[in-house]
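K.L.:
My questions all concern the structure below.
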Amino acid sequence: MLKKAFSILQNYSLAEDAVSEACIRIFKNLHKIEDPSSNSGIAFIMMIVKNVSLTFLKQERTHPTNEFDETLESPCNLEQLVLSKISSENIYNLLNKLDEDSKNIFLYKYAYNMSHREISHIMKLSESNITVKLYRCKNKLKNLLIKEGYTSEL
């Protein structure tokens, strides 16, 4: 993925950013990938990397950025931290270790960007129940990430 992004952007730092963004988009579209290791799954993933890289290239040409503009105090983005250390296939495998309700709530919230109200309507649970279940789900995922060795602490 990084090789493809770098071939388009010719800038390692931008290529890393493009791959991170592509991972987020891949995660949001996991439901469209039947088998991530199949030829069609890899082609789909590479298409996302290419499209994100081309978007970054267009943005860089119209609004060049200075790599050193970022402040050290910027808050850590949990999603980007996790995605930088874990492949989409591994994320999918971790989600499959959760109970069905937790997995669905997590996917509705983070893959489909649904509000708690929308999720509660679909799952026929109260919004407060969704909030509690989502909190517990994130804790389970955090513990799985630590147990699997992806991170020592989040």
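The values are calculated or read from the model by the stated rules, or taken from the named source; none is laboratory data. Since this is a predicted model, take the numbers as computed values, not measurements. Virtual Cβ from ideal backbone geometry, glycine too; neighbours counted across all protein chains shown.
K.L.:
Working only within region 10-45, note down all residues that are surrounded by fewer than 15 Cβ atoms within 10 Å (Cβ to Cβ) and aliphatic (A, V, I, L, M).
P.N.:
I42, A43 - these are the residues of region 10-45 that are surrounded by fewer than 15 Cβ atoms within 10 Å (Cβ to Cβ) and aliphatic (A, V, I, L, M).
K.L.:
Here's another thing I want to ask about it. Tell me the residue from I48, I130 that is modelled with pLDDT of 75 or more, more than 17 Å from I26 (Cβ to Cβ) and β-branched (V, I, T), please. First the steps, then the outcome.
P.N.:
Values: I48 fails: more than 17 Å from I26 (Cβ to Cβ).
Just a single option satisfies the conditions, and that option is I130.
K.L.:
Within region 105-121, track down each residue that is surrounded by 14 or more Cβ atoms within 10 Å (Cβ to Cβ) and more than 14 Å from F27 (Cα to Cα).
P.N.:
Passing the criteria: I105, M114, H116, E118, I119, S120.
K.L.:
Oh, and also: Only one of these conditions is not met by M114: (1) modelled with pLDDT of 85 or more; (2) at negative phi. Which number is it?
P.N.:
(1)
K.L.:
Looking at region 87-98, is at least one residue surrounded by 11 or more Cβ atoms within 10 Å (Cβ to Cβ), at pLDDT below 80, in a loop (DSSP other than H, G, I, E, B) and not assigned by TED's automatic domain parsing to the domain that holds K147?
P.N.:
Yes: one or more hits.
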